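This report concerns only the one structure given below.
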Amino acid sequence: MPERRTVALVTLGCARNEVDSEELAGRLAADGWELVEDAADADVAVVNTCGFVEAAKKDSVDALLEANDLKDHGRTQAVVAVGCMAERYGKELAEALPEADGVLGFDDYTDISDRLQTILSGGSVEAHTPRDRRKLLPLSPVQRQKAAAQVALPGHSQEPAPVPEDLPEGVAPASGPRAPLRRRLDTSPVASVKLASGCDRRCSFCAIPSFRGSFVSRRPSDVLGETRWLAEQGVKEIMLVSENNTSYGKDLGDIRLLETLLPELAAVDGIERVRVSYLQPAEMRPGLIDVLTSTEKVAPYFDLSFQHSAPDVLRSMRRFGDTDRFLELLDTIRGKAPQAGVRSNFIVGFPGERDEDFAELERFITHARLDAIGVFGYSDEDGTEAATYENKLDQEVVDERLAHLSRLAEELTAQRAEERLGETLEVLVESVDETPDGDGAVGRAAHQAPETDGQVVFTTAEGLVPGRMVTAKVVGTEGVDLVAQCLEEAGR
């Protein structure tokens with residue numbers, strides 16, 4: 001009987017990392033590893049790190065150190081770092097953090113079982129050597145698909161169609177749909193699906209393309225196949241994720257491929273809602289807005305990466321647009337779907353940001369009526385163009401602007417929530433918990449994405465179960481969260 005081997009996956013960062021962790025889980029489960037939820041119960045704790053900004057990197061290091069502490073009073077024998085921070089820093093991270101028994105990059109994912117077994121057996125695995133992953137694929141998007149088969153793209157992996165055991169001799173197996181190489185790590189009715197990986201944009205503050213690589217779309221058949229598989233697992237809502245969903249299809253010869261794919265995903269049996277995240281304002285097109293605002297089961301949800309609205313700051317960021325153009329875009333969206341949800345992130349204190357630039361950003365978010373706002377203070381990122389800029393602001397100024405805009409954002413999103421009083425929404429119940437005061441149930445409406453946005457708190461949990469789509473009326477607010485009364489099950 002083979003020796004029992006247990007592994008726990010600790011995931012930090014964004015939804016893209018969550019998909020990558022489930023791919024790793026699928027690979028490990030297929031090779032006989034037993035997946036456990038608590039790192040203290042695992043022989044090996046695998047920490048899927050985030051390497052986006054300083055705060056995320058600190059959280060990743062803290063998680064690795066916390067897992068390492070389990071070696072002294074738990075089952076855990078080894079701690080391994082994977083994910084974006086491991087890919088971005090590799091050997092440098094291994095040297096700075098000897099508590100990690102292994103630092104593995106994306107190229108190690110296909111052999112993750114062997115790597116973990118070597119480490120668990122007391123052997124050593126050479127730490128990943130970072131490289132600019134943009135250079136691994138052709139510059140021209142249309143030439144990438146064939147070359148991409150030779151490059152590690154986390155979250156894209158598929159298993160070949162199963163070969164029937166009773167296949168007659170000399171008869172080749174039929175080419176059928178491939179299965180996702182994935183193992184769910186929770187029972188949430190919401191799951192993310194990778195639409196693409198990498199990014200071709202060159203924002204001066206962002207290092208992601210250097211360690212995630214150039215933009216590569218997944219084929220529609222793979223996205224559809226994974227969505228069907230998730231529906232079979234009980235998933236009711238899928239969220240399409242990538243570094244830039246508006247670019248989907250450009251390397252497949254059809255920049256409007258997303259407009260075609262969305263109705264097909266919405267038609268998958270069992271799926272009640274399809275949500276698209278990570279949209280670039282400069283790449284929004286009328287046809288995509290039409291599909292997002294008028295297709296049944298497709299959420300009229302716009303996760304628009306504005307980052308700023310002052311023209312001079314945007315140019316320094318290597319981005320496009322301005323306050324008035326962004327407001328026109330929002331007017332167009334709400335003219336087609338008045339209840340549409342819109343969220344965005346913003347960077348304050350960018351090098352060269354003047355008082356009048358900051359005032360322009362305030363003007364934008366004051367008039368934009370956004371449902372959710374993330375605000376970040378600028379900090380240098382290794383290897384980015386902005387890190388070389390000379391006109392940096394004093395940290396005290398950055399902190400003051402961050403605090404000011406954060407307070408304003410909190411007030412404005414609470415006001416936006418109050419505007420929804422009396423609205424009737426379709427809400428997907430996500431959890432029903434027993435509390436000392438009785439049962440509580442929460443869910444999300446079409447304008448609320450998991451983790452990043454607000455939620456709907458039901459006035460009563462009676463008759464509600466996770467995964468059920470219900471019609472509810474908004475009767476109150478708690479900051480960005482809505483309080484709603486369940487009216488009836490949503491009809492289709």
Qualifying positions in region 254-283 - open to solvent by 30 Å² or more (accessible area, probe 1.4 Å), in a loop (DSSP other than H, G, I, E, B) and among the aliphatic types (A, V, I, L, M): Ile255, Ala267
- prompt: Which of the residues belonging to region 101-151 are open to solvent by 50 Å² or more (accessible area, probe 1.4 Å) and either of a type in the set (Asp, Glu) or within 22 Å of Leu181 (Cα to Cα) (or both)?
  reply: Asp101, Asp107, Thr110, Asp111, Asp114, Arg115, Gln117, Glu126, Lys146, Ala149, Gln150
query: Could you list, in sequence order, the residues of region 331-377 that are within 20 Å of Leu425 (Cβ to Cβ) and of a type outside the set (Gly, Ala, Ser)?
result: Ile333, Arg334, Lys336, Pro338, Gln339, Val342, Arg343, Arg369, Leu370, Asp371
query: Pick from Asp222, Asp290, Asp251: which is of a type in the set (Asp, Glu), part of a helix (DSSP H, G or I), in contact (Cβ under 8 Å) with a residue 12 or more places away in the chain and touching a Ser or Thr at 6+ places or on another chain (Cβ under 7 Å)?
result: Asp251
- prompt: Which of (1) in contact with an Asp or Glu (Cβ under 8 Å, 6 or more places away or on another chain); (2) not in a loop (DSSP other than H, G, I, E, B) is the odd one out, the single condition Leu412 does not satisfy?
  reply: (1)
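Of the residues Glu451, Glu418, which is of a type in the set (Asp, Glu) and at negative phi? It would help to see each step written out before you state the result.
Working: Glu451 fails: at negative phi.
Result of the check over Glu451, Glu418: Glu418.
Name the residue that is farthest from the chain's Cα centre (by Cα), counting only residues in region 397-425 that are open to solvent by less than 70 Å² (accessible area, probe 1.4 Å), over 19 Å from Ile365 (Cα atoms) and not aliphatic (A, V, I, L, M).
Narrowing region 397-425 to residues open to solvent by less than 70 Å² (accessible area, probe 1.4 Å): 397-398, 401-403, 405-406, 408-409, 412-414, 416-417, 420, 422-423, 425.
Still in the list and also over 19 Å from Ile365 (Cα atoms): 397, 422-423, 425.
Then drop every residue that is not not aliphatic (A, V, I, L, M), which leaves 422-423.
Numbers: Gly422: 31, Glu423: 28 Å.
Per the criteria, the residue is Gly422.
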statement: For region 82-100 the number of residues that are open to solvent by less than 60 Å² (accessible area, probe 1.4 Å) and either assigned to a loop (DSSP other than H, G, I, E, B) or among the acidic types (Asp, Glu) (or both) is 4
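Just to be sure before I move on: is Asp303 closer than 25 Å to Pro450 by Cα and of a type in the set (D, E, K, R) in the structure I sent? Walk me through how you get there before you give the answer.
Values: closer than 25 Å to Pro450 by Cα: yes; of a type in the set (D, E, K, R): yes.
Judged against the criteria, Asp303 is a match.
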- request: With respect to Leu405, determine if the residue is closer than 30 Å to Gly352 by Cα, of a type outside the set (Gly, Ala, Ser), part of a loop (DSSP other than H, G, I, E, B) and modelled with pLDDT of 95 or more.
  value: no
message: Restricting to region 312-364, and then to whatever is open to solvent by 80 Å² or more (accessible area, probe 1.4 Å) and in contact with a Leu (Cβ under 8 Å, 6 or more places away or on another chain), can you tell me which residue is farthest from Asp453 (Cα to Cα)?
response: Phe320
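Matching residues to (1) closer than 16 Å to Ala100 by Cβ; (2) open to solvent by less than 20 Å² (accessible area, probe 1.4 Å); (3) out of contact with any Leu (no Cβ under 6 Å at 6 or more places or on another chain); (4) not aromatic (Phe, Trp, Tyr):
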site: Cys14; (1), (2), (3), (4): no, no, yes, yes
site: Ser21; (1), (2), (3), (4): no, yes, no, yes
site: Arg27; (1), (2), (3), (4): no, no, yes, yes
site: Asp31; (1), (2), (3), (4): no, no, yes, yes
site: Glu34; (1), (2), (3), (4): no, no, yes, yes
site: Asn48; (1), (2), (3), (4): yes, yes, yes, yes
site: Gly51; (1), (2), (3), (4): yes, yes, yes, yes
- request: Look at region 380-396 and say how many of its residues are part of a loop (DSSP other than H, G, I, E, B) and open to solvent by less than 50 Å² (accessible area, probe 1.4 Å).
  value: 4
message: If I go through region 41-57 residue by residue, how many of them are at pLDDT below 85 and either outside any loop (DSSP other than H, G, I, E, B) or hydrophobic (A, V, I, L, M, F, W, C) (or both)?
response: 6
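The values are calculated or read from the model by the stated rules, or taken from the named source; none is laboratory data. These figures come from a predicted structure and were not determined experimentally. Cβ coordinates were reconstructed from backbone atoms using ideal geometry, including for glycine residues, and neighbour counts include every protein chain displayed. Heads up: the accessible areas ignore ligands, DNA and RNA and are worked out on the full protein's heavy atoms, side chains in. Shrake-Rupley method; radii C 1.70, N 1.55, O 1.52, S 1.80 Å.
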